[in-house]
1. All but one of (1) more than 9 Å from ligand 1 (Cβ to nearest atom); (2) within 25 Å of residue 17 (Cβ to Cβ) hold for residue 194, so report the exception by its number.
2. Can you find, within region 234-258, the residue that is nearest to residue 285 (Cα to Cα) among those that are within 13 Å of ligand 2 (Cβ to nearest atom) and surrounded by fewer than 16 Cβ atoms within 10 Å (Cβ to Cβ)?
3. Any chance you could count how many residues in region 365-397 are under 27 Å from the mean Cα position of the chain (by Cα) and either in a strand (DSSP E or B) or without any contact (Cβ under 8 Å) to a residue 40 or more places away in the chain (or both)?
4. How many residues does region 232-247 hold that are touching a helix residue (DSSP H, G or I) at 6+ places or on another chain (Cβ under 6 Å) and within 15 Å of ligand 1 (Cβ to nearest atom)?
5. Looking only at region 196-231, filter to residues that are assigned to a strand (DSSP E or B) and closer than 18 Å to residue 302 by Cα; which one of those is farthest from ligand 2 (Cβ to nearest atom)?
6. Answer yes or no: is there a residue in region 397-404 that is under 22 Å from residue 327 (Cβ atoms) and at pLDDT below 95.
7. From the list 334, 307, 316, 364, pick out the single residue that is under 30 Å from residue 153 (Cα atoms), modelled with pLDDT of 95 or more and surrounded by 14 or more Cβ atoms within 10 Å (Cβ to Cβ).
8. Determine which member of the set 92, 135 is in contact with a helix residue (DSSP H, G or I) (Cβ under 9 Å, 6 or more places away or on another chain), farther than 24 Å from residue 47 by Cβ and assigned to a loop (DSSP other than H, G, I, E, B).
Ligand code: AMP
Ligand code: MG
């Protein structure tokens with residue numbers, strides 16, 4: 001493909017995803033340490049849940065037949081079944097047992113009458129309400145049947161998943177390995193936060209930002225620092241990164257300015273597959289491969305860098321990690337005020353989303369210039385504006401991507 005070709009976001013993503021090398025290795029990870037890790041093997045339930053017929057309530061276990069024709073009916077109390085302390089003797093005809101939530105059903109019993117519907121009289125229990133077989137009993141396997149798939153290969157494990165695995169007694173899982181991601185910033189103007197700011201210089205925001213965003217994924221980050229706008233230094237750094245990392249993410253230096261060496265270096269040592277996206281912010285975006293590692297060159301503006309990281313890098317990196325693609329968690333909302341948009345490319349503006357009388361309303365956070373960090377300060381979502389649209393009026397329904405869990 002010609003590197004100068006301009007692609008829409010979804011086309012670009014499709015091509016990048018086709019190019020992704022799936023992980024081939026896998027490793028055992030303790031369930032308790034597996035948050036965010038990607039399953040390399042589908043897990044099937046090793047046991048029934050619950051593992052035995054259990055009571056769903058506090059009350060009395062009985063044979064429903066024994067109280068047929070009632071109420072009321074009276075049975076002999078013959079024992080107790082507590083959670084963790086099953087009753088060993090079976091329930092014979094005419095008998096019942098005290099039972100508590102989660103306790104195993106005694107053999108012979110097929111129903112539980114809740115305690116509110118019973119009266120205890122010495123060693124006898126009077127059942128005041130009708131009881132049907134199966135009442136308040138959770139049969140073994142009612143929740144999960146042994147042998148059914150619990151979690152599929154390619155699933156990114158969340159906190160609930162870990163709890164579910166633990167409930168099934170699974171203490172290690174087979175996961176795809178963590179990947180290594182190298183990050184660097186390019187630009188003669190960049191200074192490390194904490195260092196003096198010389199005339200014409202600005203602080204490097206992107207490495208801190210990228211590191212934080214990447215910390216939510218199962219990757220180890222190598223921070224290669226700030227690299228000046230020098231072809232030699234950029235080449236040297238990228239070649240080193242290529243040896244140490246699976247993915248190299250660089251920011252700045254990917255447009256067509258004189259000092260923008262990154263593109264040339266990538267073309268030199270590897271291949272550049274795409275460097276213009278029909279996306280705002282995020283037009284200059286380089287994607288390719290160094291000798292071995294995958295490569296992303298993000299725009300230097302921190303706002304553009306975050307947006308492209310969320311919309312482009314994250315899905316590609318997730319695929320590299322072996323995760324099955326999931327649609328971004330978008331929702332719809334109504335524009336509270338109008339917004340400006342020039343037709344021609346898809347745009348993501350920063351917005352504040354809130355619920356007003358049960359309806360999602362979204363407001364643009366002021367000036368959307370991609371150099372304006374403040375446009376993110378009040379934002380809790382991105383507003384998607386399709387490329388064919390012009391200016392949008394208040395009241396228009398739009399798609400939004402809430403930041404919840406992403407930033
Ligand atoms: P570039 O993509 O190199 O043309 O940079 C675009 C704009 O983003 C310029 O104003 C840069 O000074 C600024 N910029 C580049 N890298 C960073 C960074 N790491 N942190 C903050 N601003 C940056
Ligand atoms: Mg630059």
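1. (2)
2. 256
3. Selection size over region 365-397: 12.
4. Total meeting the criteria: 1.
5. Ranking the candidates gives 223 first.
6. Within region 397-404, one or more residues are under 22 Å from residue 327 (Cβ atoms) and at pLDDT below 95.
7. 316
8. Of 92, 135, the one residue that is in contact with a helix residue (DSSP H, G or I) (Cβ under 9 Å, 6 or more places away or on another chain), farther than 24 Å from residue 47 by Cβ and assigned to a loop (DSSP other than H, G, I, E, B) is 135.
The values are calculated or read from the model by the stated rules, or taken from the named source; none is laboratory data. Computed from a predicted structure; not experimentally measured. With ideal geometry, Cβ positions are generated from the backbone for all residues, glycine too; neighbour counts draw on all protein chains shown.
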